[in-house]
2 protein chains.
Amino acid sequence: MAIADDATEASEVTMLVPLTGTSGSLHDEILVGLRRYLVEGNLPDGARIPERLLCETMGVSRTPLREALKVLAAEGLVELLPNRGARVRAFDENDIRELFEVMGGLEALAGRLACEHITDAEIAGIEQLHYDMYASYMRRDLPAYFALNQKIHLAIVAAARNAILANTYANFSSRLQRVRYNANRENHKDRWGEAMREHEHILEALQRRAGLELSDILFRHLQNKRVAALRYLGNHP
Amino acid sequence: MAIADDATEASEVTMLVPLTGTSGSLHDEILVGLRRYLVEGNLPDGARIPERLLCETMGVSRTPLREALKVLAAEGLVELLPNRGARVRAFDENDIRELFEVMGGLEALAGRLACEHITDAEIAGIEQLHYDMYASYMRRDLPAYFALNQKIHLAIVAAARNAILANTYANFSSRLQRVRYNANRENHKDRWGEAMREHEHILEALQRRAGLELSDILFRHLQNKRVAALRYLGNHP
DNA sequence: TCGAAGAAAAATGAATGCAAAATGGCTTGA
DNA sequence: TCAAGCCATTTTGCATTCATTTTTCTTCGA
């Protein structure tokens, strides 16, 4: 059984069988459930995803499950090998570089657009998040820092007033979830202070609504994250 | 029969039944065939896509077709209404604004990355395309101009050395294909010269490998295209 | 004549069945 | 002992079938 080598059956079930029945469409439920399951990193890279087992676990037939797998493959979370089933997509260093570059481009866009549309109240909210994050930084509370960091970037994306951008951002963000968390652990060692300073520049440019400048800061912020992430991966094969 | 109100059955068939059998996976063939069919604008906005008819037309069963439809829905080309089937997704003005903004962000990113990686030979190639495009402009040959325009932007994306970016770009580009063509027809009237000048700036910044500058030019180029496209749509409801 | 109610027809969502391909295990031979 | 080849089992890809919902057509009444 390749799925969940280090997770118990029970935990699989609890994670994989929300199936609330609220979405109306079984296919959609499977899709969001499986996506969450994958994004949360419950399966190791490259693990096989046998249809039969998943069907029994989730209590559905193969048809809607296969539809969900195709969509997840299109999203880049799983890999479909002809006649050989689905695997958890493993990202190599080049994939991660590309993902961070695209994320940087999207964040740069979000920053630029946010400066055109953001309200004073939203800026105040981001300020508050920023100060909370700084407090977490001083406390060396990495999980809190990480969560607030995500919230700030999401708030900037939300201020861009572009639903397609927000969706695309969420899509790529989910792919990077695990590696980014690890990268931030790496920050813990030597890049954390630098990242915090970058965030001060981000807030400052946002307050001035300096779109181009914020755009550039965000892009380089993401590139620095990428370097940290790849360094982490290099050290932890 | 809601599908293809103005197209004959025969033309549908010729467009929809390549099914070369080269891809190995029937699902993939249907996917690319349907996507091309939709992108080329063979169906009017909001048209119903009855599964049964498509199955008979393409000679496949509903299972792989439905899988393809789910993927196309995830890509944003079709819209799936619960229990009410698939429709060609119609983009309103806000969708188009959002799409152009994201395209602009992606092109800006591509330009920035391209300046880091592009070779002299690639620049020379783009120069050539640019001059050809200028010739088309002088000849008032809109289709040729349009094709070369696309080639230039694709060359810049290719020079960015980022496959994920290229895929994402292609995805959004396909959604805008129809409206962009119409927008360029609108250019024909009053924005064509301006677009040509913008392209001169693009080439010039690329030659200097001025990443940030090129990034900004490309973004604003796309925003101008957006304005033209929306003006066109405003005039042609 | 028009509109509403209801039944027939069709379409969708999901499950099951079947053939082809792949995986795993077993035997055989050196 | 080990490797190669063959067969059984499993798994995948696709077609078909079934149940439910939607759509359409007909009929009835005002």
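The values are calculated or read from the model by the stated rules, or taken from the named source; none is laboratory data. Since the model is a prediction, treat every value here as computed from it, not as a measurement. Positions of Cβ are generated from backbone atoms using ideal geometry, with glycine treated the same way; all protein chains shown enter the neighbour counts. We work out accessible area using only protein heavy atoms, side chains counted, and drop any ligands, DNA or RNA first. Shrake-Rupley method; radii C 1.70, N 1.55, O 1.52, S 1.80 Å.
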Q.
Being within 15 Å of DNA strand C (Cβ to nearest atom) and at pLDDT below 95 is the requirement here; does A:THR20 meet it?
A. yes
Q: Being within 12 Å of A:LEU38 (Cα to Cα) and of a type in the set (A, V, I, L, M) is the filter; apply it to the range A:74-85 and report the residue that is surrounded by the most Cβ atoms within 10 Å (Cβ to Cβ).
A: A:VAL78
Q.
Can you say whether B:GLY33 is facing chain A (nearest Cβ under 10 Å) and either modelled with pLDDT of 90 or more or within 10 Å of DNA strand C (Cβ to nearest atom) (or both), as far as the supplied structure shows?
A. no
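Out of the residues in the range B:46-76 meeting the condition of being touching a strand residue (DSSP E or B) at 6+ places or on another chain (Cβ under 6 Å) and more than 12 Å from DNA strand C (Cβ to nearest atom), tell me which one is farthest from A:THR63 (Cα to Cα). Show your work before the answer.
The first filter runs over the range B:46-76 and keeps only residues touching a strand residue (DSSP E or B) at 6+ places or on another chain (Cβ under 6 Å), leaving B:46-49, B:69, B:72-73.
Imposing the further condition that a residue be more than 12 Å from DNA strand C (Cβ to nearest atom) reduces the set to B:46, B:72.
Details: B:GLY46: 27, B:LEU72: 17 Å.
Only one residue tops the list, namely B:GLY46.
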Q) If you go through the range A:37-59, how many residues are part of a loop (DSSP other than H, G, I, E, B) and open to solvent by 20 Å² or more (accessible area, probe 1.4 Å)? A) 8
Q: Identify the residue in the range A:165-174 that is facing another protein chain (nearest Cβ under 9 Å) and crowded, with 18+ Cβ neighbours inside 10 Å and, among all such residues, is farthest from the chain's Cα centre (by Cα).
A: A:LEU165
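Scan the range B:90-133 residue by residue and report those that are within 20 Å of B:ALA228 (Cα to Cα) and either open to solvent by 60 Å² or more (accessible area, probe 1.4 Å) or away from chain A (no Cβ under 13 Å) (or both).
B:ALA90, B:ASP92, B:GLU93, B:ASN94, B:MET133
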Q: Please give the number of the condition A:LEU69 fails out of (1) assigned to a helix (DSSP H, G or I); (2) surrounded by fewer than 19 Cβ atoms within 10 Å (Cβ to Cβ); (3) outside the structural domain of A:ALA158 (by TED's automatic domain parsing).
A: (2)
Q: Within the range B:193-214, count every residue that is more than 14 Å from chain A (Cβ to nearest Cβ), open to solvent by 10 Å² or more (accessible area, probe 1.4 Å) and part of a helix (DSSP H, G or I).
A: 9
